[in-house]
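Asks: Supplied in structure tokens, the structure appears directly below.
The values are calculated or read from the model by the stated rules, or taken from the named source; none is laboratory data. Keep in mind that what you see is a predicted model, and the values were worked out from it rather than measured. Here the Cβ positions follow ideal geometry from the backbone for every residue, glycine too, while neighbour counts run over all protein chains shown.
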Amino acid sequence: MGVELPRMGHEVTVCPDGTTAAAALERNTYDCVMVDLDMPGMSGIQVIARAKELSPDTEAVVLTGKSSLETAVSAIRHGACDYLTKPCKLVELQTLLNRIAERRELTNKYRALKRQLKRIEGECQLVGNSEQMQRVCERAAKVAPTNSAVLICGETGTGKELVARAVHDQSLRAEKPFVAINCGALPENLIESELFGHRKGAFTGAEEHRLGLFEVADGGTLFLDEIGELPKAIQAKLLRALESGEIRRVGDNEFYQVNVRVVCATHRDLDSMVIAQEFREDLMFRINTFEIALPALRDRIQDIPSLARHLLMRFHPRTRPDDMLFSDKAIRALQSHDWPGNVRELANVIEHATILCDQLPIKIEHLPERFSGHGKGLKVLKRIGPLTLREIEMQAVHEALERHQGNKPKAAEELGVSLKTLYNKLSQSNSLEKSA
């Protein structure tokens, strides 16, 4: 093998025993280490453990004459990516090494793309010097190196996903995937498949096997936004996955082990939901090991100037920080606003202003009309004569949206309905207007 592999283009270091192999691993980095299970000095399992300790990216292959399921399971559990029984055919070994090379190439491409994305988006940054935001940053940094479950609470638009990314980026999982899903944005019948995956033919439309987000995020962080919108049936399955580290795809009988850190977020009061039996108490305790409460933007108006500058420079990366970006009157108008949509609403306002502004600084006339007292509000359904029950319902929906300046989650909360129900009502409203 020490002769044939170099002929195939591989660089090979041959070691007579496990101790020599461990010494070679300390001197050099290898793409792959191939070991026998029984070797003098150190066993193959010990060599694999040492290789993973020195270079986690190094793949390991076990060559053994003890062909059995127990042998394979033991090798995989100790970090081997595959195993071959002796005597093995050269073509089998070459096929295996080609797979390892392809996997390493994909890993390198992923890391390169991730670095490129970070250069484009910039580092995850929590902006604000207020006491409230400093406390958020401190708590995120404190919990990040642990594997504890984190629950991020705060109104819609306060930046809960940004905090979740900050926790991930400061953790030992930073080089692994960060996968986010909004639990309230998917139909109930698709959430289980989205989280846990499915087998081909598991249900109508399942034309191929599909990995769930738990498997996609394996080794990294899974961010479950709006966890309060998760149906009770899925809550039970999520609880089992969190407690056991095992998931089962829809339509499959086997369980798969995953190593995922779960960070959850909600704008709802989970304690009240538990009392109302809308959320499982055991799941709430499981996801709420460490809580981070995000303040509303109206409670930290001293951060608005720095946030506005940060957002403007995100839309216009070539803008210099020392330029005058906003007039004093525009800043005062921004700080006087109630911000029901929080930072997300501020981002929309800044983007609106950059479209109207041909030359900095941004002035109050570049802001939306509501900042100069000329806002017209959202349209409310009106007509002469008595209203039907559906029209009364639609009017209540639009009035709630107007009170909350288009913030749908807050309007849904006031109306006492789920976000999905609110979207259905709005869809009915659009149909009503078209038929009018």
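Asks: Are any of the residues in region 160-176 small (Gly, Ala, Ser), assigned by TED's automatic domain parsing to the domain that holds residue 266, in a loop (DSSP other than H, G, I, E, B) and closer than 17 Å to residue 261 by Cβ? Working first, answer last.
Replies: Our first condition is that a residue be small (Gly, Ala, Ser); within region 160-176, this holds for 164, 166, 171, 174.
Now restrict to residues that are assigned by TED's automatic domain parsing to the domain that holds residue 266: 164, 166, 171, 174.
Checking the rest, the ones that are also in a loop (DSSP other than H, G, I, E, B) come to 171, 174.
Now restrict to residues that are closer than 17 Å to residue 261 by Cβ: 171, 174.
Yes, because at least one residue in region 160-176 is small (Gly, Ala, Ser), assigned by TED's automatic domain parsing to the domain that holds residue 266, in a loop (DSSP other than H, G, I, E, B) and closer than 17 Å to residue 261 by Cβ.
Asks: Next question. For residue 294, are the conditions met, namely being crowded, with 18+ Cβ neighbours inside 10 Å, under 29 Å from residue 129 (Cβ atoms) and modelled with pLDDT under 95?
Replies: no
Asks: Right, something else. Checking residue 260 against (1) buried (at least 16 other Cβ atoms within 10 Å of the Cβ); (2) more than 24 Å from residue 176 (Cβ to Cβ): exactly one of these is not met. Which one?
Replies: Result: residue 260 passes all but (2).
Asks: Could we say that residue 210 is basic (Lys, Arg) and either modelled with pLDDT under 90 or buried (at least 22 other Cβ atoms within 10 Å of the Cβ) (or both) here? Spell out how you get there, then give the answer.
Replies: Numbers: basic (Lys, Arg): yes; either modelled with pLDDT under 90 or buried (at least 22 other Cβ atoms within 10 Å of the Cβ) (or both): yes.
In short, yes.
Asks: Give the residues of region 271-288 that are of a type in the set (Val, Ile, Thr) and either surrounded by 12 or more Cβ atoms within 10 Å (Cβ to Cβ) or in contact with a strand residue (DSSP E or B) (Cβ under 9 Å, 6 or more places away or on another chain) (or both), sorted by residue number.
Replies: Correct list: 274, 287.
Asks: Being of a type in the set (A, V, I, L, M) and free of Cβ contacts under 8 Å to residues at least 40 places away in the same chain is the filter; apply it to region 255-307 and report the residue that is nearest to residue 175 (Cα to Cα).
Replies: Per the stated criteria, the residue is 284.
Asks: Restricting the search to region 258-283, which residues are more than 24 Å from residue 144 (Cβ to Cβ) and touching a Gly at 6+ places or on another chain (Cβ under 9 Å)? Give the steps one after another, and end with the answer.
Replies: Our first condition is that a residue be more than 24 Å from residue 144 (Cβ to Cβ); within region 258-283, this holds for 268-269, 271-282.
Once the filter is applied, which keeps residues that are more than 24 Å from residue 144 (Cβ to Cβ) and touching a Gly at 6+ places or on another chain (Cβ under 9 Å), region 258-283 yields 268, 269, 273, 278, 279.
Asks: Do any residues in region 126-141 that are under 14 Å from residue 165 (Cα atoms) have Cβ atoms under 6 Å from those of residues that are hydroxyl-bearing (Ser, Thr, Tyr), where the two are at least six apart or on different chains, and which pairs are they?
Replies: Partner pairs satisfying both residue conditions: 127/306.
Asks: Among the residues of region 323-363, how many are closer than 27 Å to residue 163 by Cα and acidic (Asp, Glu)?
Replies: Adding up the residues that qualify gives 3.
Asks: Among the residues of region 180-207 satisfying the criterion of being modelled with pLDDT under 90 and of a type in the set (A, V, I, L, M, F, W, C), which is farthest from residue 246 (Cα to Cα)?
Replies: Taking the candidates together, the pick is 185.
Asks: Being at pLDDT 80 or above, of a type in the set (Ser, Thr, Tyr) and farther than 21 Å from residue 4 by Cβ is the filter here; which residues of region 50-103 pass it?
Replies: Residues satisfying the conditions are 55, 58.
Asks: Just to be sure, is residue 350 of a type in the set (Val, Ile, Thr) and more than 29 Å from residue 412 (Cβ to Cβ)?
Replies: In short, no.
Asks: Now for a separate question. Answer yes or no as to whether residue 27 is basic (Lys, Arg), at pLDDT below 85 and surrounded by fewer than 16 Cβ atoms within 10 Å (Cβ to Cβ).
Replies: No: the conditions fail for residue 27.
Asks: Any residue in region 340-367 that's closer than 14 Å to residue 298 by Cα and not assigned by TED's automatic domain parsing to the domain that holds residue 406: show its pairings with residues that are surrounded by fewer than 16 Cβ atoms within 10 Å (Cβ to Cβ) and among the polar types (S, T, N, Q) at Cβ separation under 9 Å, as long as the two are six or more apart or on different chains.
Replies: 341/348
Asks: Of everything in region 163-179, what is surrounded by fewer than 17 Cβ atoms within 10 Å (Cβ to Cβ) and of a type in the set (A, V, I, L, M, F, W, C)? Give them in sequence order.
Replies: 172, 174
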